[in-house]
1. If you take just the strands (runs of 3 or more DSSP E) that sit entirely in the stretch 1-92, which of them hold at least 1 residues that are touching a residue at least 24 places away in the same chain (Cβ under 8 Å)?
2. If I ask for residues that are over 15 Å from the mean Cα position of the chain (by Cα) and either surrounded by fewer than 10 Cβ atoms within 10 Å (Cβ to Cβ) or closer than 14 Å to residue 68 by Cα (or both), which ones from the stretch 1-12 would you list?
3. Take the residues of the stretch 30-56 that are closer than 14 Å to residue 81 by Cβ and over 12 Å from the mean Cα position of the chain (by Cα): which is surrounded by the fewest Cβ atoms within 10 Å (Cβ to Cβ)?
4. Restricting attention to the stretch 66-85, report how many residues are closer than 16 Å to residue 32 by Cα and out of contact with any strand residue (DSSP E or B) (no Cβ under 9 Å at 6 or more places or on another chain).
5. Can you go through 15, 59 and tell me which one is under 29 Å from residue 5 (Cβ atoms) and either surrounded by fewer than 16 Cβ atoms within 10 Å (Cβ to Cβ) or at pLDDT 95 or above (or both)?
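The values are calculated or read from the model by the stated rules, or taken from the named source; none is laboratory data. Note that the structure is predicted; figures quoted are calculated from it, not measured. We place every Cβ from the backbone using ideal geometry, glycine too, and count neighbours over all the protein chains shown.
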């Protein structure tokens, strides 16, 4: 195993989990893919690539409150996120 420091100041995880088998609510069915894509685009547009990383994640166990976004190293959790929240999220974690 090799250890290394993460080069990003922030990592933003967007739950994109889909539950096809049991029909329970999940972030992936509530537009989280579009939220993740919008976050990535906003990071790129603001010249923050390499400083802030937006990426998909699996289930965060708060499906009924989603779409869910977690930001590290801030240990921040945002629920009921919508695509129009993306600029505010990026601004908050610059």
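1. Strands (runs of 3 or more DSSP E) meeting the threshold: 10-15, 52-57, 69-72.
2. Once the filter is applied, which keeps residues that are over 15 Å from the mean Cα position of the chain (by Cα) and either surrounded by fewer than 10 Cβ atoms within 10 Å (Cβ to Cβ) or closer than 14 Å to residue 68 by Cα (or both), the stretch 1-12 yields 1, 2, 3, 4, 5, 7.
3. Of everything passing the filter in the stretch 30-56, 42 is surrounded by the fewest Cβ atoms within 10 Å (Cβ to Cβ).
4. Counting residues in the stretch 66-85 that are closer than 16 Å to residue 32 by Cα and out of contact with any strand residue (DSSP E or B) (no Cβ under 9 Å at 6 or more places or on another chain) gives 4.
5. Among 15, 59, only 15 is under 29 Å from residue 5 (Cβ atoms) and either surrounded by fewer than 16 Cβ atoms within 10 Å (Cβ to Cβ) or at pLDDT 95 or above (or both).
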